Every structure is written in C-alpha cells, then in structure tokens.
Amino acid sequence: MNAEPRGRFPIRLCLILLATLAAPPSFAAGGKDSRWNAQGIEAFNKGDYAAAEKHFRKAVEINPSDAVLWSNLGSAQSEAGRNRDALASLDRALELDPSLAHARYWRGWAHYYLGENNKAIVDFDKVAGNERFRKSALRGRGWAYYQKGMYERSMEDFSSALQLDPDNESSLRGRGWTNYRFGRFREALKDFNKAAGIIKPGNRTALRDALTGKAFAYAGVDDGISALAMIRQAREIQDRGDWETILIHYHTGERQKAWQLRGGEGYLGIDVRNRAQGSGAGVLVAGLEAAGSASRSRLLEGDVIESLNGKPVANIGEFVRMAAALLPGSPVELSVLREGVQRGVSVDVGSIEAKVLTDPLAEPLARRARGAVEADRAGAAPAMQPASGKGASGESDELR
C-alpha cells in the first residue's frame with residue numbers, strides 16, 4: 001500500500017487571495033514578472049506542473065528577490081515530483097522571507113516526499129497554527145508521523161484534520177491506515193469505504209490505496225472473500241504482482257492457496273536482476289536478504305547464477321519460479337559465475353512463510369493471529385496493541 005497523501009493546498013486564481021497565497025507584491029502593478037506568475041498559477045491549477053515551473057522560472061529570473069515567486073516555483077517543482085529542486089527554491093524563498101507560510105508549507109511536503117519526515121514535521125508544525133493552512137498542515141504532519149510509526153500522533157492529526165474537513169479523502173485514508181495499524185479493522189473499513197466513495201475518478205493512485213486498505217481491513221475481520229475482491233479491483237488499477245494476494249490468502253487461513261499462487265513454498269532470499277543485454281543467460285545476484293538461507297552460503301553479491309540443480313536459468317522470472325518450487329529443508333545446487341570462473345554453491349532451501357509473517361503491510365494481521373494463539377493458551381480474549389515500525393509498505397503512493 002502506498003498511503004500516499006493527496007489534496008494539498010492549491011494555488012488560487014482568485015485575486016482577493018493572491019496576496020496571501022501565491023502572488024508577489026508586484027502582481028497588481030502588471031510587471032513582466034506578474035504576467036509570468038499569473039500564467040504559472042493558471043498552469044498549476046490545470047495540473048500542468050511542467051508549464052507552471054517554466055512560467056514561474058521566468059518570473060524569478062525577472063525578479064529574483066521576490067520570495068513568493070520562489071515559493072510558487074518550489075510548489076510546482078514539488079508537484080512535478082522534483083522535490084530536491086523544490087527544496088532549493090523553497091529554501092531560497094524562506095531566506096528572503098522567513099515568515100512566508102506558503103513556502104514553509106510546501107517545503108513540508110517536499111521533505112515528506114523525500115522521506116525526510118522529521119524535517120517535514122518541523123515545517124508543518126510551524127504552519128499548523130495558520131488558519132489558512134491548518135487542515136492541510138495537520139494532514140501532512142499526520143502522514144509524516146504515520147511513516148515514522150508514531151500512530152498515536154498520526155491519529156490525532158488525521159482526526160483533527162477531519163474535524164475541519166470531514167470529506168477529505170487523503171485524511172480519511174490516513175486515519176484508515178492508522179486504524180488498521182492499531183488492529184481496529186472495522187473502524188479502518190469505515191474510513192476506507194468513505195474515502196473510496198469520494199475519490200475523484202482520475203485519482204487512480206488514491207483509489208488503489210483505498211481499495212488496498214479495504215482488502216487488508218476485510219482480512220482483519222476474517223472476510224477473505226471481500227478482501228480478495230478488493231485486491232482484485234486494486235490490481236485492475238495498478239498490478240503489483242501476486243504478493244498482496246498471497247498475504248491475504250495466508251492471513252485468512254488459506255495457506256495452501258497462498259503457496260499455490262506463488263508456485264511453491266521455497267525461499268532462498270536472493271535478490272536477482274537480469275544481466276545486461278548481450279551478457280548472456282543467467283541472473284545477477286544484486287543482494288542477499290539477511291533472513292534468507294542464501295546469506296549463510298558462499299554466494300556473494302555480484303555472482304551470476306547460471307543454473308539451478310542443473311537446469312539453466314534464463315532470466316528473473318524463470319529463476320523465481322524455479323526457486324519457489326523447491327522443497328523447504330532440501331539443498332539446492334547453484335552453478336555460479338564469479339570473476340569469469342564457474343563454481344558450485346550449495347544453499348539450503350528455506351520457507352517463504354517467515355517473510356510472509358514479517359511483511360510490514362500484513363503486520364497487524366500477523367499480530368492479531370499471535371494474539372489469538374496466546375489468548376487460546378490463556379483462555380482469554382486477545383488484546384490488540386499498537387503496531388511499531390514503518391507505515392504501509394509499498395511502495396506508496398501511492399500514494400505512499
């Protein structure tokens with residue numbers, strides 16, 4: 001899941017708001033910079049961020065001492081996904097005018113999208129008291145706390161944001177994922193259902209995220225049928241492979257279906273890549289997972305695996321299928337090319353179950369299952385505890 005936020009504070013065209021939001025002081029004077037700025041605002045509000053950046057850049061070249069022009073440029077760069085460039089522009093804006101809330105707000109989002117959550121929180125903190133930016137800053141800070149695994153704080157911010165704007169789909173998704181992390185699956189379903197009903201048709205990333213949230217929340221209430229239906233809809237929007245479906249099968253009591261979908265239970269813990277075109281068959285070892293059995297073998301990063309149990313390996317897809325079909329506990333012989341010399345490496349096959357049980361996206365489901373087992377042993381109902389660690393995996397964006 002990619003619990004990626006959307007619906008950030010827009011630049012307005014309304015002339016009454018221009019002075020407080022995005023327009024430079026010279027706008028009313030009708031100078032060249034103001035015309036470029038007005039065209040940038042128009043392009044921004046149409047979603048053409050490349051054009052907006054071009055226009056704002058022209059305005060900055062004409063009037064490089066105007067903080068608001070730099071802030072507008074940074075906001076366009078952030079929306080275009082160029083957040084390092086956005087930070088440079090927004091830093092310049094705040095050097096010129098440290099009190100410019102618009103720049104600090106957008107810098108919070110740029111930090112967030114770069115994974116700099118602590119810095120994002122600092123910026124959102126400073127504009128959360130500004131009435132014009134409050135609900136959006138609370139939402140941004142909520143997502144930053146969520147990504148840090150500080151779910152109590154993210155719940156506070158998303159709930160406060162929803163008091164100000166009850167129909168904001170990003171805040172609803174954020175609170176939905178936070179409820180999911182706490183094991184409050186029914187409450188999570190309410191939030192995801194409402195979010196899915198109000199997401200704009202073109203916002204496919206947000207819709208996929210809401211559907212994914214619904215799928216895992218349904219798994220949390222043991223409704224595997226609905227969970228699988230939701231993840232199928234999510235995959236129609238963006239197909240990320242079978243892993244999410246495997247997790248749902250496993251955590252709704254269909255372990256064998258999970259292994260069947262994957263092609264087996266075998267797991268080596270080898271991250272592989274296709275070789276460069278013209279380099280020949282085989283796959284390149286890009287990394288070894290610490291929990292995988294291959295990390296305890298003589299295999300090294302940079303090796304080329306040419307065959308598995310004597311069967312040639314052509315590409316990633318073939319290697320993954322062959323490894324999955326292996327029997328956990330059995331040895332496998334890899335033919336490896338290292339520094340131009342072929343050699344054999346023996347690896348004990350592990351089980352993918354360990355990875356399923358530690359996947360961050362399904363952690364609340366695994367925690368629920370552990371609680372149920374412990375409760376059965378103690379003869380009491382399981383107590384749900386807040387999860388720890390990162391937020392939803394994924395990506396996400398999507399829309400985390």
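Points to keep in mind about this one:
- Glu61, Glu363 arranged by Cβ crowding within 10 Å, fewest neighbours leading: Glu61, Glu363
- Counting only Cβ charges, +1 for Lys and Arg and -1 for Asp and Glu, the dipole size of segment 237-311 around its Cα centre is about 160 debye.
- Among the listed pairs Lys148/Lys214; Lys148/Lys200; Lys257/Lys355; Lys148/Lys355; Lys214/Lys257, those with a Cα-Cα distance over 25 Å are Lys148/Lys200.
- Full extension of the chain segment joining Arg338 with Ile198 gains 44.9 nm, where the gain is 0.36 nm per residue of separation less the Cα-Cα distance.
- Inter-label distance, nm, simple model (7 Å from Cα along the C-beta direction), Glu318/Arg370: 4.0
- Potential extension, Ser330-Glu152 segment - 0.36 nm per residue separation minus Cα distance: 59.6 nm
- Inter-centroid distance (Cα atoms) of segment 135-162 relative to segment 318-372, Å: 36
- Residues of type aspartates and glutamates that Lys311 reaches as a straight line, Cα spacing below 14 Å, ignoring anything fewer than 8 places off in the same chain: Glu333
- Computed packing ranks the peptides 243-251, 69-77, 98-106 as 69-77, 243-251, 98-106, most packed first, by mean other Cβ atoms within 10 Å.
Each value in this text was obtained by applying a stated rule to the coordinates, not by laboratory testing. Only a predicted model underlies this, so the values are computations on that prediction, with no experimental measurement involved. Every residue, glycine among them, receives a Cβ derived from its backbone with ideal geometry; neighbour counts consider all protein chains shown.
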